[in-house]
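Asker: Got a structure for you, written out below as structure tokens; questions coming shortly.
The values are calculated or read from the model by the stated rules, or taken from the named source; none is laboratory data. Predicted model, so just to flag it, every value in this text is computed and none were measured. FYI the Cβ positions are ideal-geometry reconstructions off the backbone, even for glycines, and counts take in every protein chain you see. These area figures cover heavy atoms from the full protein model, side chains too; ligands, DNA and RNA do not enter into them. Shrake-Rupley method; radii C 1.70, N 1.55, O 1.52, S 1.80 Å.
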Amino acid sequence: MKRPSFQFYPADYRNNSKLRRCSPAARGAWLDVMCVLHDQDEYGVCRWPLAELAQAAGVPVKLVRELSTKDVLKGADKAAPDYVFTPRHAGKDGEPVTLVVAGDGPCWYCSRFVRDEYVRQRRGASTRYSADNQPPKGAPKDGDSSDTNHPPKPSPKPPFGEPQGDGPSSPSPSTSINQGQKPMSSGDDVRQCPTGTLVNLYHELMPLNPQAKVINAARKSAIRARWLEAAKLDCEPFGYASMSAGLEAWRKFFAVCAESKFLTGQAPPQPGKPAFIADIDFLFSPSGFAKTLENKYHRDAP
């Protein structure tokens, strides 16, 4: 779910040495570019060519190119390096984490946005109940009137009838429920990406392909971006308005992918090269997903 706002740190903005090397016009353009990056489904990451990013921000492309040259805006139109973040706690470096998988196509991002989102998701996950994180036994449930010392409190209502946020995210005006529209149940909300179930479907329907043994933040971000993109499409099998319909659509997608000899590594390789086989990163990448959906890899099918 898109956030309605982002944090702005005046001290960081004024003291960032890379940004201070830019012209005043480029520093102003950076605010417009940040607004575009903030509005992306893959938070803080835009996979458009630099010229289109500048057009969307409403600023001259030369100013956006200046931001890239000074390393304020990260990425490239081709072969951009992945963004690897090394968390640090108590004076010690943790295990490096790949937060942005750039791929072959254009990829531009604000490292601060991406890093803050990663930290926000991690902190939010630690506050949610899971199999290893349960409330104490015997604790009164919401609405249990047996605890006379702590009477139940009414559930807080979203402001102006907006839906509750997805995990740590906040509701935004663009996703509010229209007047007269029946609110969707939280268990079937298309805005909630069922990452684990999608990975399981990939393993179930494409057993010949590499297994995804690590589902890190970068992979979760890519899967969620494709899930939201596919929900808005107007082509088979996608274009869905609920989680259950979306899972059925992705089941059909993986089943069709499994019929491609090229995607499953069964096509004859080019001389001197190993046979190509699609992994989960390829299928959920912007270019790989688009080409697969457009049957670029099913020419061997009857």
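Asker: Compute the accessible area per residue over region 48-123, keeping the other protein chains in place, probe 1.4 Å, unit Å².
Answerer: 57
Asker: Right, another one. When only alpha-carbon atoms are used, what values of Rg and Dmax, in angstrom, describe region 1-61?
Answerer: Calculated on Cα positions, Rg and Dmax stand at 12.2, 34 Å.
Asker: Stokes-Einstein diffusion coefficient for region 199-256 at 37 °C in a medium of 0.692 mPa s, Rh from the Kirkwood formula over Cα pairs: what value in µm²/s?
Answerer: Once the numbers are plugged in, D ends up at 271 µm²/s.
Asker: Separate question: Quick one: which of 245-253, 78-86 comes out on top by average Cβ neighbours within 10 Å, and what's the full order, highest first?
Answerer: The peptides rank, most packed first, as 245-253, 78-86.
Asker: Oh, and also: If you roll a 1.4 Å probe over region 34-75 with all protein chains in place, what percent of the accessible area is carbon or sulfur?
Answerer: 51
Asker: Where does region 192-294 land on Rg(C-alpha)/(2.2 N^0.38 Å)?
Answerer: Normalised Rg, Cα atoms only: 1.06.
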